[in-house]
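Reading through the structure tokens given below for one structure.
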Amino acid sequence: MALPLGYNLRNLAVRKTTTIMTALGIALTVAVLLAVLALVEGLRTALRVSGHPLQILVTRKASSSELVSVMARANFEQIKVKPGIARSASGEPMASLEMVTLLNLEGVDSPGGMNVTLRGISPAGREMRDRLQLERGRWYAPGRREIVVGKSVALRYPAAKIGGKLQFGKGDWEVVGIMSAGASAVNSEIWGDLFQVASDHNRAEFLSSVLLRAADPVAFSALINDLDADQRLNVSAIPETRYYEKQMIAAAPVQFMGTFVALIMAVGSCFAAMNTMYAAVARRAREIGTLRVLGFSRAGILFSFVVESVLLSMIGGLIGCLLVLPLNNITTGVGSFVTFSEFSFNFRVTPQLMLSGVLFGALMGALGGFFPARSAARKEILNALREI
Amino acid sequence: MPDPIIITRKLRREFIRDQFHVIALEDVDLEVQPAEFVALMGPSGSGKSTLLHLIAAMDRPTSGEIKALGTDLRALSDRQIARWRNQHIGFVFQSFNLIPVLTALENVELPLRLTKLSRKDRLEHARTALELVGLGDRVHHLPRQLSGGQEQRVAIARAIVTDPDIILADEPTGNLDAGSALEVLTLLSRLNKEFSKTVVLVTHDPHAAQFASHTRHLEKGQLLPNSVAV
């Protein structure tokens, strides 16, 4: 049986200044890593909930996004009569012709301006967005230069307030409402009446994409195959969920940089833990000798010191979790290389994320503590007993 | 006559210390009978502690034979020695060597953590050992909250808690006042007489040696004949 945990915990408490300083170093490393992971997790969650599992996004073949796609109105007329498309309560096919373009807005974090997605959308398109709700104000009126902004847009762009006016197209557009749809991409968009948006951009006949909802999973696959194979249309059909999954690439640079910085810091933290534990081993040499005399094996001593280092680092990991908790639900945004616009989302510090932070701390402790523990275990009994 | 519990033959221990070749023990032949109380006496550097460390398997001889309880200590691996020491040896240090962050009870329980006893049994044994040394009312005290004599009695409780066959004490009264020293020596004597424990006591204090049934003297690493005292 190993030495009691209380032995390690009390030793950490005895040298509390060193323990706190080392734990804080580890806490900062864990906090940096968790902040990056919370950002990625927030983005992933927002993208995951942005698509409907039965919906299909149809764009012009070889278009990488809705923004660069051109969809003729005539094509839409052919697409919406395809078999397998779900029907709304009023019996209409659930198919939405949409136009997507970009607006450049001055933001809180981007005084030089940032691209925001403007979507011209029909009533059918609104009906196809789950959890869509108007948080404040009213919906835009058809045929008028009125827009509704996503809640993240309202939060991050001072001009996008109810009653505010944005200039684009052929005039000023009034913000009449704020919308939300859970944590989805809708929160990062600005919506207006399809015909008015298209008309202002001189694209009444050539819009961007079509969103379809299949009647069931079987029809879903069949519809995709049908659309992809239809050479008259020259379109590409992909599940809406996959379209948003592909946008995770936007998080890649942040994830890489953040993880890289955290790993560099982790090396430093490992050395901090190592230094602390070497000092502990030196200070407790006589104790180590005594434990060996009592019958504890070298392996038992090694295990005990590694455990102590892991405990120390886990304390750091827990502090790191506490440091990063205030970030939870803070709204931020990243520029997407797919849509060339900003995608807003909330940091998400989940319990799983915090657990991984504590485990990351523990790993640093185990790595940093191993060599001092090995040096403790290798001490000859008599030499250890003679040390002061 | 029963077989000796400790036997050494031509036991030799040499060191290289600061480039000097030091012979700490030279051809030591010693026999200790079961339930005997032996005092090893001699001046500083005479090799008495070295001999005790070899008996406790805390060190390995350069040459010669050493057997305790019939086991050839040279033949055991590190891990086997650790286990053997835990089961058969109780060691009492001059400077007590209690773990400062553990209470008296936890210190005494420590060697029992290497046995298969349940936690309840371990604590019960530890409490009994502390009561035996007269510290039943100090179980939750940390070492720094005890006097030197009390600390040494906790150390003795720790040494006897596994019910070892041999108790080895390395100048156990060296850091104690006369009153506390008397208590500790009386306790060792009681363990020998009442519980038939074999005790080997290293001391340079003739008064302490009087508690032993036999006294052996070492001089410059050599064990002097039985009757010779320096």
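The values are calculated or read from the model by the stated rules, or taken from the named source; none is laboratory data. Since we're looking at a predicted model, the values are computed, not measured. As a convention, Cβ positions derive from the backbone with ideal geometry for all residues, glycine included, and neighbour counts pool all protein chains shown.
I'd like to check something: does the range A:304-312 contain any residue that is aromatic (Phe, Trp, Tyr) and in a helix (DSSP H, G or I)? For the range A:304-312, residues aromatic (Phe, Trp, Tyr) and in a helix (DSSP H, G or I): present. Here A:240, A:308 are screened, and the one residue that is in contact (Cβ under 8 Å) with a residue 60 or more places away in the chain, among the acidic types (Asp, Glu) and within 14 Å of chain B (Cβ to nearest Cβ) is A:308.
Is it the case that the range B:69-89 has a residue that's within 25 Å of residue B:126 (Cβ to Cβ), in contact with a His (Cβ under 8 Å, 6 or more places away or on another chain) and either more than 8 Å from chain A (Cβ to nearest Cβ) or among the charged types (D, E, K, R) (or both)? Yes, some residue in the range B:69-89 is within 25 Å of residue B:126 (Cβ to Cβ), in contact with a His (Cβ under 8 Å, 6 or more places away or on another chain) and either more than 8 Å from chain A (Cβ to nearest Cβ) or among the charged types (D, E, K, R) (or both). Considering only residues in the range B:131-154 that are under 24 Å from residue B:170 (Cα atoms) and acidic (Asp, Glu), the one that is farthest from the chain's Cα centre (by Cα) turns out to be B:131. Can you find even one residue in the range A:84-101 that is outside any loop (DSSP other than H, G, I, E, B) and within 14 Å of chain B (Cβ to nearest Cβ)? Checking the range A:84-101: not a single residue is outside any loop (DSSP other than H, G, I, E, B) and within 14 Å of chain B (Cβ to nearest Cβ).
Pick from the range A:311-336 the residues that are farther than 25 Å from residue A:154 by Cβ and small (Gly, Ala, Ser): which of them is surrounded by the fewest Cβ atoms within 10 Å (Cβ to Cβ)?
Here the answer is A:320.
Of the set (1) part of a strand (DSSP E or B); (2) touching a Phe, Trp or Tyr at 6+ places or on another chain (Cβ under 9 Å), all apply to residue B:218 but (2).
I'd like the full set of residues that are in contact (Cβ under 8 Å) with a residue 12 or more places away in the chain and in a helix (DSSP H, G or I), limited to the range A:284-298. If the condition is that a residue be in contact (Cβ under 8 Å) with a residue 12 or more places away in the chain and in a helix (DSSP H, G or I), then A:285, A:286, A:288, A:289, A:290, A:291, A:292, A:293, A:298 are the ones that fit. Screening the range A:191-281 for helices (runs of 4 or more DSSP H) wholly inside it with 1 or more residues that are closer than 19 Å to residue A:51 by Cα returns the ranges A:217-229, A:240-245.
For the range A:241-269, a tally of residues being within 30 Å of residue A:214 (Cα to Cα) and surrounded by fewer than 20 Cβ atoms within 10 Å (Cβ to Cβ) returns 6.
At least 3 residues being within 24 Å of residue A:14 (Cα to Cα) and in contact with a Cys (Cβ under 8 Å, 6 or more places away or on another chain) is the threshold, and among the helices (runs of 4 or more DSSP H) wholly inside the range B:84-164 not one reaches it.
Just to check your reading of the model, which residue among A:143, A:171, A:150, A:107 is without any contact (Cβ under 8 Å) to a residue 60 or more places away in the chain, touching a strand residue (DSSP E or B) at 6+ places or on another chain (Cβ under 7 Å) and small (Gly, Ala, Ser)?
Among A:143, A:171, A:150, A:107, only A:143 is without any contact (Cβ under 8 Å) to a residue 60 or more places away in the chain, touching a strand residue (DSSP E or B) at 6+ places or on another chain (Cβ under 7 Å) and small (Gly, Ala, Ser).
Any residue at all in the range B:118-130 that's within 16 Å of the chain's Cα centre (by Cα), within 14 Å of chain A (Cβ to nearest Cβ), in contact (Cβ under 8 Å) with a residue 24 or more places away in the chain and surrounded by 15 or more Cβ atoms within 10 Å (Cβ to Cβ)? Within the range B:118-130 (the criterion being within 16 Å of the chain's Cα centre (by Cα), within 14 Å of chain A (Cβ to nearest Cβ), in contact (Cβ under 8 Å) with a residue 24 or more places away in the chain and surrounded by 15 or more Cβ atoms within 10 Å (Cβ to Cβ)), the answer is no, since none of the residues qualifies. Within the bounds of the range A:298-310, is there any residue that is among the β-branched types (Val, Ile, Thr), surrounded by 23 or more Cβ atoms within 10 Å (Cβ to Cβ) and within 15 Å of residue A:385 (Cα to Cα)? Yes, that holds for at least one residue. Looking across the range A:222-237 at every residue that is buried (at least 17 other Cβ atoms within 10 Å of the Cβ) and of a type in the set (A, V, I, L, M), the one that is modelled with the lowest pLDDT is identified as A:233.
Let's see how each residue does on (1) within 30 Å of residue B:142 (Cβ to Cβ); (2) surrounded by 19 or more Cβ atoms within 10 Å (Cβ to Cβ):
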| position | (1), (2) |
| --- | --- |
| B:19 | no, no |
| B:43 | no, no |
| B:51 | no, yes |
| B:65 | no, no |
| B:68 | no, yes |
| B:83 | yes, no |
| B:90 | yes, yes |
| B:96 | yes, yes |
| B:100 | yes, no |
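Applying the condition of being away from every other protein chain (no Cβ under 13 Å) and β-branched (Val, Ile, Thr) to the range B:39-68 and asking which residue is nearest to the chain's Cα centre (by Cα) yields B:66.
As a summary of the residue check, residue A:79 satisfies the conditions (1) over 22 Å from residue A:182 (Cα atoms); (2) within 29 Å of the chain's Cα centre (by Cα); (3) in the same structural domain as residue A:165 (by TED's automatic domain parsing) except for the one numbered (2).
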